[in-house]
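What follows is one structure encoded as structure tokens, with my remarks underneath.
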Amino acid sequence: MDRYAVIGNPISHSKSPLIHTGFAEATGQAMTYTAIEGPLGGFAAAVDRFRAEGGKGLNVTVPFKLDACAYATDLADSARAAGAANALKFDGSRCLAENFDGIGLVRDIVHNLGHPVHGRRVLLLGAGGATRGALLPLLAQQPARVFVANRTVDKATSLVQEFLARGAPPSLEGGGYADLRPADCFDVVINATSASLGQELPAVPPTAVAPHALAYDMVYGKGLTPFLTLARQAGTPHLADGVGMLVEQAAEAFVWWRGVRPDTTPMIERLRVPLN
Ligand code: NDP
């Protein structure tokens with residue numbers, strides 16, 4: 001039977017085995033999917049072992065997404081732009097790397113939640129790996145504006161410069177939270193910081209959230225986070241966490257490995273935690 005797994009450290013919290021096992025059952029694919037706790041500093045050896053045992057592909061999570069890029073022989077644009085990979089596929093001596101986080105985010109926002117990005121103003125909070133992965137798929141939707149705001153301002157500005165140098169449109173801008181003026185209002189506000197993990201709030205001004213905006217927190221399973229609370233207080237009823245992104249990026253990897261697209265709705269419903 002074909003073998004797949006997720007590798008990370010720690011890994012016991014990962015929902016990936018549940019998601020992929022569910023996809024395999026629903027689509028009738030003969031495969032196993034397990035979790036591997038990779039030793040810190042020992043990513044390549046752990047992947048080599050998995051391949052030697054017949055492994056076909058891996059999902060990669062914290063802290064190995066950069067190691068996965070370095071390990072791969074063939075980087076997709078998504079992985080190159082993000083500088084990180086979250087899915088690997090083994091083909092003989094070749095190792096192909098993808099980053100499906102951004103496409104999963106966009107599928108969730110546009111397809112599942114029904115909020116178009118085309119022609120809209122998008123505010124991305126954070127300038128870490130999740131923002132890097134999200135930028136190309138978001139820009140592909142041709143938004144009117146994308147502003148990347150980060151606590152460490154230099155990280156946002158240098159990230160934006162890097163993407164502009166690689167051909168991103170001039171509608172991409174970056175800076176600190178203090179650079180957002182009262183007139184800067186956005187239709188889609190995405191919290192791609194890890195602040196919600198510690199119940200903290202990025203210093204985003206409430207005026208940045210339009211009353212009809214979609215407020216999207218990439219962190220999932222935490223209920224109504226401080227960011228979503230701020231968005232609700234700013235007047236929008238459209239709140240979402242990152243559970244749909246998680247399931248959609250998993251579905252993209254599943255299609256890439258198996259050539260079959262699973263229905264994501266039942267899994268999103270199964271994993272959803274109420275936002276209250
Ligand atoms: P990184 O560690 O690469 O980046 C963290 C970012 O969060 C930085 O921009 C950092 O700012 C910012 N940050 C951290 N704490 C605070 C705070 N208290 N206030 C303001 N900003 C803060 O993480 P990732 O980009 O990889 O991931 C970000 C989040 O996205 C994670 O929490 C993860 O759970 C979630 N995620 C969800 C996915 C999903 O499928 N739903 C997929 C991928 C990620 P600074 O640069 O100033 O330190």
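Numbers for the structure displayed
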quantity: Per-residue SASA entry for THR32, accessible area with 1.4 Å probe, Å² rounded to 10; calculated: 50 Å²
quantity: Fully extended contour minus Cα-Cα distance, from GLU200 to GLU53, at 0.36 nm per residue; calculated: 48.6 nm
quantity: For peptides 237-244, 136-143, sequence by mean Cβ density within 10 Å, most packed first; calculated: 237-244, 136-143
quantity: Sequence-separation-based contact order of the stretch 102-241, relative, with Cα cut under 8 Å and 6+ spacing, percent; calculated: 21 percent
quantity: Residues of the stretch 174-197 with amide N under 17 Å of the 7 Å Cα→Cβ point at LEU66; calculated: 194
quantity: Carbon/sulfur fraction of accessible area - the stretch 102-241, other protein chains in place, 1.4 Å, %; calculated: 54 percent
quantity: Magnitude of the charge dipole, the chain, Cβ model with Lys/Arg +1 and Asp/Glu -1, debye to 20; calculated: 80 debye
quantity: Probe 1.4 Å, all protein chains present, accessible-area order of HIS13, HIS115, largest first; calculated: HIS13, HIS115
quantity: Shape call, the stretch 136-276: gyration tensor on alpha carbons, a/c limit 1.5; calculated: oblate
quantity: Calculated P(r) tail over 27 Å for the chain, as whole % of Cα pairs; calculated: 38 percent
quantity: Simple label model, 7 Å out from Cα along Cβ direction - ASP184 to VAL153, nm; calculated: 1.0 nm
quantity: Heavy atoms of LYS89: accessible area, 1.4 Å probe, square angstrom to 10; calculated: 50 Å²
quantity: Simple label model, 7 Å out from Cα along Cβ direction - ASP91 to ASP77, nm; calculated: 1.8 nm
quantity: Unsatisfied cross-links (Cα-Cα over 24 Å) in the set LYS155/LYS222; LYS15/LYS222; LYS15/LYS89; calculated: LYS155/LYS222
quantity: Net charge over other residues, Cβ less than 13 angstrom from the Cβ of ARG261 (K, R count +1; D, E count -1); calculated: -1
quantity: Probe 1.4 Å, all protein chains present, accessible-area order of LEU40, LEU113, LEU159, largest first; calculated: LEU40, LEU113, LEU159
quantity: Å² of accessible area per residue within the stretch 150-276, as computed with a 1.4 Å probe and no ligands counted; calculated: 45 Å²
quantity: Relative contact order (%) - the chain, alpha-carbon pairs under 8 angstrom, separation at least six; calculated: 15 percent
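The values are calculated or read from the model by the stated rules, or taken from the named source; none is laboratory data. All values reported here derive from a predicted model rather than from experimental measurement. Cβ sites come from the backbone with ideal geometry, for glycine too, and all protein chains shown count toward neighbours. What goes into the accessible areas is simple: the full protein's heavy atoms, side chains included, and nothing from ligands, DNA or RNA. Shrake-Rupley method; radii C 1.70, N 1.55, O 1.52, S 1.80 Å.
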